[in-house]
């Protein structure tokens with residue numbers, strides 16, 4: 001049984017700081033050739049203090065992890081798996097390849113490159129605050145019923161990582177380092193696909209953005225549409241449009257800026273990619289896609305399911321003057337039966 005180097009990479013936030021802020025060198029999980037060098041205690045993934053506005057009922061009700069608690073060792077194992085290229089057929093791709101920390105756990109490329117150089121059909125969505133998608137469904141077309149199902153699907157995808165679950169278990173069982181990590185996380189060294197999915201999901205749910213300038217300002221006022229003391233005049237003007245006549249918060253709701261259900265936002269009159277409709281087979285769902293959180297949005301370009309917009313300015317221009325008519329266009333984007341225009 002072999003033992004490899006596995007270094008748990010850090011989740012250092014940029015625009016919005018995730019739960020994992022920093023680790024001292026001695027706290028980093030290092031699995032060395034000579035033996036396993038674990039910290040006495042893992043990093044604190046499970047017991048952190050969220051700001052007051054995260055305790056609002058509408059935020060708490062959106063938490064899809066209520067029945068999937070995070071443990072420190074479980075998330076530590078999940079982090080090791082997330083960054084490990086052993087999870088792909090030719091050992092070249094990890095989860096982090098397409099969900100890069102520096103890009104808000106998204107991919108700065110329009111389409112992600114798979115293990116044999118093929119391209120994905122859609123842009124890789126950022127993972128920040130994934131635990132707050134209330135329905136708990138994942139992917140742009142919401143084909144995964146929950147996060148535990150989602151985390152295993154790219155591993156098995158013929159373009160992305162190309163590994164069967166049986167092969168995945170065999171690889172991890174051949175690595176003595178993982179036996180120790182599974183023992184810490186679950187009380188035994190048994191490696192199963194259910195445990196792999198659970199550990200990866202724990203790690204993803206631990207990526208929570210709650211220390212952005214927005215959160216700093218929100219903590220100082222009673223209502224989100226009040227002027228923030230830490231914002232510039234232009235930023236407060238933009239915020240007033242967002243919560244006011246722009247009605248952006250109708251879809252990017254609560255302090256999480258997440259919408260519960262997929263929407264058709266008028267990207268095309270005719271869609272080549274039907275999104276949710278291709279999953280449900282219901283024509284009323286054609287052109288509907290998951291509404292992502294705006295957390296870390298400055299880092300997660302390009303935008304939309306197909307990465308068609310390279311900048312936030314292009315996104316705003318779409319909502320200002322580019323919405324296309326469609327039978328399933330969301331009613332928030334219609335006015336008198338026609339696409340809304342901001343100006």
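The values are calculated or read from the model by the stated rules, or taken from the named source; none is laboratory data. As the structure is a computational prediction, the values presented were derived from the model and not from experiment. Because the Cβ atoms are built from the backbone with ideal geometry, glycine has one as well, and the counts that use them run over all protein chains shown.
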Say we look at segment 21-35 and pick out the residues that are assigned to a loop (DSSP other than H, G, I, E, B) and surrounded by 15 or more Cβ atoms within 10 Å (Cβ to Cβ); which of these is modelled with the lowest pLDDT?
-> 23
(1) surrounded by fewer than 18 Cβ atoms within 10 Å (Cβ to Cβ); (2) under 30 Å from residue 237 (Cα atoms); (3) without any contact (Cβ under 8 Å) to a residue 40 or more places away in the chain all hold for residue 217 apart from (1)
Among residues of segment 276-301, those that are in contact (Cβ under 8 Å) with a residue 12 or more places away in the chain, out of contact with any helix residue (DSSP H, G or I) (no Cβ under 9 Å at 6 or more places or on another chain) and surrounded by fewer than 21 Cβ atoms within 10 Å (Cβ to Cβ), counted | 1
Only one residue in 226, 306, 255, 273 is free of Cβ contacts under 8 Å to residues at least 12 places away in the same chain and assigned to a loop (DSSP other than H, G, I, E, B), so which one is that?
-> 226
Within segment 36-58, how many residues are at pLDDT below 85, in a loop (DSSP other than H, G, I, E, B) and in contact with a helix residue (DSSP H, G or I) (Cβ under 9 Å, 6 or more places away or on another chain)?
-> 3
So how many residues does segment 112-131 have that are within 20 Å of residue 259 (Cα to Cα) and either over 10 Å from the mean Cα position of the chain (by Cα) or surrounded by fewer than 22 Cβ atoms within 10 Å (Cβ to Cβ) (or both)?
-> 2
In segment 70-102, residues that are in a loop (DSSP other than H, G, I, E, B) and free of Cβ contacts under 8 Å to residues at least 60 places away in the same chain total 4
Residues (at pLDDT 90 or above and more than 17 Å from residue 125 (Cβ to Cβ)) located in segment 251-263 | 255
